[in-house]
Amino acid sequence: MEKYLQEDYDVYESKYLTDKSEIVEYFEDCGREFFNCGQGYYEDEVSLICKIGDKFYDVEIQAEIGSAKQDIGDRLYWVDGINTVEYNEINKPLPKDRTIYTYELELTNDQRTILEDFMQENNIKFNK
């Protein structure tokens, strides 16, 4: 898969997903891993781009969320099950336009480290 597809769109590809007819069953079984749930927060809808062979699909997954009251803190949330999986074939996403920006910053060493870590985590290229 081309690098920009992963960096710009976080395209998902699995060796176990070989045909579009498998999309619904696959994400009903494995869809939980795409949701962000925990103490005090949850997602009940997720959208992603899936690549199968040389075709791309926009996949929408809706989940049933379970929760429990905690002794201390917010409720704990988790995906109880997948309610629906819908998909549409889409054109291959094009690379996003990039522009070079130059900033001059006055930072402490700690701030610089935090900024560089953030930029690396978000695939922002920079020159040291």
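Quick note: the coordinates plus some simple rules give every number you see, no bench work behind them. From a predicted model like this one, the values you see are computed outputs, not experimental measurements. We place every Cβ from the backbone using ideal geometry, glycine too, and count neighbours over all the protein chains shown.
I need the fraction of alpha carbon pairs in the chain separated by more than 19 Å, rounded to a whole percent.
On the way: 5143 of 8128 pairs.
The proportion of pairs with Cα distances above 19 Å equals 63 percent.
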Return the subset of Lys15/Lys51; Lys55/Lys125; Lys96/Lys128; Lys51/Lys125; Lys20/Lys96; Lys51/Lys96 for which the Cα-Cα distance in this structure is over 22 Å, preserving the input order.
Lys55/Lys125; Lys96/Lys128; Lys51/Lys125; Lys20/Lys96
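Restrict the search to the range 81-125; then list the GluC sites (Glu not before Pro) that DSSP places in a loop and that have at most 15 other Cβ atoms within 10 Å of their Cβ.
Working: sites: Glu86, Glu89, Glu104, Glu106, Glu116, Glu121; in loops: Glu104, Glu106.
Counting only loop positions with at most 15 other Cβ atoms within 10 Å, the GluC sites (Glu not before Pro) in the range 81-125 are Glu104, Glu106.
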If you bin every alpha carbon distance in the range 44-91 into 5 Å steps from zero, what whole percent lands in each bin?
5, 19, 18, 16, 13, 10, 8, 5, 4, 2
Describe numerically, in nm with one decimal, the distance between label points set 7 Å from Cα along Cα→Cβ at Ser67 and at Thr84.
2.2 nm
Could you list Leu94, Leu76 in order of exposure, starting from the residue whose Cβ has the fewest other Cβ atoms within 10 Å?
Leu94, Leu76
Here, the range 56-128 modelled as identical Cα point scatterers in vacuum has Debye log10 I(q)/I(0) at q = 0.11, 0.19 Å⁻¹ of -0.70, -0.87
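Counting other Cβ atoms within 10 Å of each Cβ, which trypsin sites (Lys or Arg not before Pro) in the range 1-88 have at most 14 and sit in a DSSP loop? Mind dumping the intermediate values first?
Working: sites: Lys3, Lys15, Lys20, Arg32, Lys51, Lys55, Lys69, Arg75; in loops: Lys15, Lys69, Arg75.
In loop regions of the range 1-88 (DSSP not H, G, I, E or B), the sparsely surrounded trypsin sites (Lys or Arg not before Pro) are Lys15, Lys69, Arg75.
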